[in-house]
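Asker: Would you mind keeping the following structure in view while I ask a few things?
The values are calculated or read from the model by the stated rules, or taken from the named source; none is laboratory data. Predicted, not measured: the structure shown is a model, and the values here were computed from it. A quick note on method: Cβ atoms are made from the backbone with ideal geometry, for glycine too, and the neighbour counts reach across all protein chains shown.
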Amino acid sequence: QEGLERGVRLVEPGDFVDGTRSLQSGRRESNTRSGGSMCDGIVTRSPGEMTFPLMCDLCGPGIVVPEEDCLRAISVAFSRFKLVLEPGGAIALAAALYHGEQLSGEHVICIASGGNIDAQMFTRALETYPSP
């Protein structure tokens, strides 16, 4: 499959894996809830009608990332790169840093985006996962 050859991967937070389950089953699956994730900016109820066929063509299996790994990635992004990321914007970096065994190829490109993080969440990330 083209997605596997390219190594394009879908990354989702722990309890909101509609895309991962949809890619596994070959049909659009839904999450049982639509809120309650710190990665709220990327959580969907179900893959879209127009986007799901594209996902099937372009994506390999999904990677499920615990939300705590997003906090760890936020801390790394800030301490190493001076980037402020929101949890959903840090999830690809979290996948690369902490779930790299699920990736293939020599090079990994992560889209790191969004600075929509409140001070409390940002402080939690930095204090819970201080950079070495």
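Asker: Can you go through G7, G48, G60, G14 and tell me which one is within 22 Å of S104 (Cα to Cα) and modelled with pLDDT of 90 or more?
Answerer: Going through G7, G48, G60, G14 in turn, the sole match is G14.
Asker: Let me ask another. Can you report the number of residues in the stretch 89-132 which are β-branched (V, I, T) and closer than 18 Å to C59 by Cα?
Answerer: Total meeting the criteria: 4.
Asker: Looking only at helices (runs of 4 or more DSSP H) that lie completely in the stretch 4-116, which have at least 2 residues being over 10 Å from the mean Cα position of the chain (by Cα), surrounded by 19 or more Cβ atoms within 10 Å (Cβ to Cβ) and touching a residue at least 24 places away in the same chain (Cβ under 8 Å)?
Answerer: Working: elements: 18-25, 51-58, 67-81, 87-98.
Helices (runs of 4 or more DSSP H) meeting the threshold: 18-25, 67-81.
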